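Each remark here refers to the structure printed beneath this line.
The values are calculated or read from the model by the stated rules, or taken from the named source; none is laboratory data. Because the structure is predicted, anything quoted here is derived from the model rather than measured. For neighbour counting, all protein chains shown are included, and Cβ atoms are generated from backbone atoms with ideal geometry for every residue, glycine included. Surface accessibility is based on the protein's heavy atoms, side chains included, excluding ligands, DNA and RNA. Shrake-Rupley method; radii C 1.70, N 1.55, O 1.52, S 1.80 Å.
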Amino acid sequence: MISRRGEALAESHPGFRGLKFTPHDFRRIFATELVNSGLPIHIGAALLGHINIQTTRGYVAVFNEDVIRHYQAHLHQRRQVRPVDEYRETTKDEWAEFDEHFDRRKVELGSCGRPYGTPCQHAHACIRCPMLHINPKMLSRLEELEADLLARLHRAEGEGWVGEIEGINLTLRFLRAKREDTERRVRRPAVDLGIPSPRSVTR
């Protein structure tokens, strides 16, 4: 039906001539409409089932400044309904603890994106963890890990270790998905929002 409509429009609007639509196009349109309507992109990512927000950014046909503006508007709206006392001036000890916490996020392959103040729930099995953000510099390390996993898989198949085979195949799926996502992020670099600094709140 859409193809027929496109052909009809092509008579007066040549840009529609030969235009093809796929079901996935509507998923992208849905994502763009969400963000253009003011929904923060991280919520859109959750609705679309994306582990990494950069995947959602690839779906959304908006400019980086639009994404930032919508997110800042969302934060402003949220702050209006919070108690004023929550926005007191930060103490030096609190900032020191905050910095120390994020220092512990640094791991071999990149950094951990788990919520602030929460412990690692995956026993440092980072490859399988959706919170791991791969550092693009470590892509070569992923290749080494994949080669090791494939060697282990070959051994497990030869020995008939069914449970080991299942576990290795699962880890390989996560590894390859993370590599693909990291390569996509390299092609679409993230916007640098800078590091927050303490500030006084005017009451």
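A simple rule links phi to the HN-Hα coupling: the Karplus curve 6.51 cos²θ - 1.76 cosθ + 1.60 with θ = phi - 60°, which for region 46-51 gives 5, 5, 7, x, 8, 6 Hz, with x for Gly and Pro.
Relative to the current alpha-carbon distance between residue 8 and residue 192, full extension at 0.36 nm per residue lengthens the span by 61.8 nm.
Whole-Hz Karplus values for region 97-104 come out as 5, 4, 4, 4, 4, 6, 5, 6 Hz, taken residue by residue from phi with 6.51 cos²θ - 1.76 cosθ + 1.60 and θ = phi - 60°; glycine and proline positions read x. Once Rh is set to the Kirkwood radius over Cα pairs, what Stokes-Einstein translational diffusion coefficient, in µm²/s, holds for region 112-175 at a temperature of 37 °C and a viscosity of 0.692 mPa s? For these conditions, the coefficient is 250 µm²/s. Note on region 95-151: with charges restricted to the Cβ of Lys and Arg (+1) and Asp and Glu (-1), its dipole about the Cα centre is near 160 debye.
Give the carbon-plus-sulfur fraction of the accessible surface of the chain in %, rounded to a whole number; probe 1.4 Å, heavy atoms of protein chains only. Write down the numbers at each step before the final one.
Numbers: 8010 of 14590 Å².
Carbon-and-sulfur percentage of accessible area, whole number: 55.
Taken about its Cα centre, the chain carries a charge dipole of about 660 debye when Lys and Arg each add +1 at the Cβ and Asp and Glu each add -1 at the Cβ.
With a 1.4 Å probe and all protein chains in place, put 155, 128 in order of accessible area, largest first. Mind showing how you got there, number by number?
Details: 155 130, 128 90 Å².
Accessible-area ranking of 155, 128, largest first: 155, 128.
Couplings 3J(HN,Hα) for region 77-86, derived from phi with the Karplus relation 6.51 cos²θ - 1.76 cosθ + 1.60 (θ = phi - 60°), are 5, 5, 5, 5, 9, 9, x, 4, 4, 5 Hz, where x marks Gly and Pro. Each Lys and Arg adds +1 at its Cβ and each Asp and Glu adds -1 at its Cβ; summed about the Cα centre, region 1-66 shows a dipole of about 260 debye. Show the residues, 5+ positions off or on another chain, whose built amide H is closer than 5 Å to the amide H of residue 132. The answer is 113.
Remark on residue 110: its backbone amide H falls under 5 Å from those of 135, a criterion applied only to residues 5 or more positions apart or on other chains, H modelled at 1.01 Å from N.
Can you give the relative contact order of the chain as a percent, counting alpha carbon pairs under 8 Å and 6+ residues apart?
Values: 143 pairs, mean separation 36.8, N = 203.
Over the chain, the number comes to 18 percent.
Using only Cα coordinates, the Kirkwood hydrodynamic radius of the chain works out to 21.0 Å. With contacts taken as Cα pairs under 8 Å at a separation of at least 6 residues, region 3-110 carries a relative contact order of 19 percent.
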